[in-house]
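Visitor: Mind having a look at this structure? Questions to follow.
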Amino acid sequence: MHPGSKIRSTQHRRLSRLGRLVLCLSLLTGCTTTVPIETNIPTPLIAPMPVRVAVFYDPSLTDFEHTEDIVGASDWVVQLGNANMNMFNKLFASMFATVVKVDSLEQAFADSEGYDAIITPSIVELQIAPPSRLESDFFEAWVKYRIDAFDNDQKPIVKWVVTGYGKAEPEMLGASNALSAATVTAMRDAAANIVIKFKKQPRVREWIDEQERLNGLPAH
């Protein structure tokens, strides 16, 4: 086959895929498509830090929804709240020896002597880009979380922002499933970063060493 024919064939396939996606989206014009996100983050195989932490989940995290307005198609409402909470529940249960969920930061601070730290995760933003916007074959997703941690004197330990990225191809999955898969992949990427990098934050490392000394354990 002539090289020019191969290029035209590749371009034709890409345009065909984008055409099918545009057709699919156009059928939904004027509607709202709700995409609840469900994710099962793998249990991290790590040694938990020898600390007792209180965790507060703000409603802005647990009720989080993101609306993506695609011109000429439907609005997409991505419901991330339950997936956020399930992810952090699993991560924190693996990262810390004891985890106690509390109803408010005020409650945690009032009972702070019973904890080594108080942690509250939040979501900063979720960005979604459909293929029609990027002129690519994929849905792409970027998620950004922030983790605030305080010691039992209510002094900040760390305010750490962590990100994740994911993509999925709608031709195989369909538009809604591809959007969901891209978002799940972004969450898993963020989860991996949290597990690997949280303990490496300099102020967190200092705090953990201090807790290990207080508990009579050798500092690492």
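The values are calculated or read from the model by the stated rules, or taken from the named source; none is laboratory data. Since we're looking at a predicted model, the values are computed, not measured. Please note: Cβ atoms are built from the backbone with ideal geometry, for glycine as well, and neighbour counts cover all protein chains shown. What goes into the accessible areas is simple: the full protein's heavy atoms, side chains included, and nothing from ligands, DNA or RNA. Shrake-Rupley method; radii C 1.70, N 1.55, O 1.52, S 1.80 Å.
Visitor: Does at least one position in the stretch 89-107 carry a residue that is in contact with an Asp or Glu (Cβ under 7 Å, 6 or more places away or on another chain) and open to solvent by 50 Å² or more (accessible area, probe 1.4 Å)? Spell out the reasoning first.
Guide: Start the filter on the stretch 89-107 by keeping residues that are in contact with an Asp or Glu (Cβ under 7 Å, 6 or more places away or on another chain), which leaves none.
Scanning the stretch 89-107, I find no residue that is in contact with an Asp or Glu (Cβ under 7 Å, 6 or more places away or on another chain) and open to solvent by 50 Å² or more (accessible area, probe 1.4 Å), so the answer is no.
Visitor: Let me ask something additional. If residue 110 meets every condition in (1) under 17 Å from residue 191 (Cβ atoms); (2) surrounded by fewer than 17 Cβ atoms within 10 Å (Cβ to Cβ); (3) modelled with pLDDT under 95 apart from one, which number is that one?
Guide: Status for residue 110: all satisfied but (1).
Visitor: Give me the pairs: first residue in the stretch 33-51 and within 16 Å of residue 98 (Cβ to Cβ), second residue exposed (fewer than 13 other Cβ atoms within 10 Å of the Cβ), beta-carbon distance under 8 Å, and six or more apart or on different chains, which are they?
Guide: The qualifying pairs are 50/215; 50/217.
Visitor: Can you find a residue that is modelled with pLDDT under 90, assigned to a strand (DSSP E or B) and of a type in the set (Ser, Thr, Tyr) anywhere in the stretch 34-56?
Guide: Scanning the stretch 34-56, I find at least one residue that is modelled with pLDDT under 90, assigned to a strand (DSSP E or B) and of a type in the set (Ser, Thr, Tyr), so the answer is yes.
Visitor: How about the stretch 139-220: which helices (runs of 4 or more DSSP H) wholly inside it have at least 2 residues that are touching a residue at least 40 places away in the same chain (Cβ under 8 Å) and either out of contact with any Pro (no Cβ under 7 Å at 6 or more places or on another chain) or open to solvent by 30 Å² or more (accessible area, probe 1.4 Å) (or both)?
Guide: Correct list: 175-197, 202-214.
Visitor: Condition (residue is farther than 23 Å from residue 125 by Cβ and either modelled with pLDDT under 90 or not β-branched (Val, Ile, Thr) (or both)) applied to the stretch 188-199: is it met by at least one residue? If you could, list the steps in order and put the result at the bottom.
Guide: Step one: list which residues in the stretch 188-199 are farther than 23 Å from residue 125 by Cβ, which gives 199.
Going one step further and asking which of them are either modelled with pLDDT under 90 or not β-branched (Val, Ile, Thr) (or both), we end up with 199.
So far as the stretch 188-199 goes, yes, one or more of its residues are farther than 23 Å from residue 125 by Cβ and either modelled with pLDDT under 90 or not β-branched (Val, Ile, Thr) (or both).
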